[in-house]
Amino acid sequence: MARTHHARLDCGPGCPVERTLQLIDGKWKGVVLFHLLEGPMRFNQLRRQLQNCTQRMLTNQLRELEADGLVHRKIYAQVPPKVEYSLTPLGRTLEPILLALKSWGEAHVIAPAPTDS
C-alpha cells in the first residue's frame, strides 16, 4: 500500500517539480523573485534588499533568471546608464508559489536567536 502511494508521488528526472525547482534553485533566486513582485527594481535596490549577497552572486542569479525567461532586464539609453529588472509574465506566474513559501516560512520556520556580539 505504501509503495503505491510513493509510486504515485515519484518524480523522476525531468518531472515538472524537478524542472520548476531547477528554475528557482539558487541561494538568492527565490528572494530576488519575491522582491520583484513589488515591481521593477534597479540593481542597487535589489542589493540593499539582499545585504548578504555579493554583487557577483546577484549578477549571476539575475542573468540566470533572465536566461530562463523569468526576469526582464531593461536598459535605458541615458547617462549614466540605468538598468531595471522586472518579472516577465512567466515570472509573474510564480507569485502564488512565492507567497505560499513566505506563508509556510512564517508559520513553520523558527527565526534564529539573536547573538550577543
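List of remarks:
- Here the gap between F34 and K82, fully extended at 0.36 nm per residue and compared with their Cα-Cα distance, gives a gain of 15.1 nm.
- Size-normalised alpha-carbon gyration radius of segment 17-103, reference 2.2 N^0.38 Å: 1.05
- Cross-link partners of K29 among lysines (Cα-Cα below 21 Å; sequence separation of 8 or more within a chain): K74, K102
No lab work stands behind these numbers, since they all come straight from the coordinates. Note that the structure is predicted; figures quoted are calculated from it, not measured.
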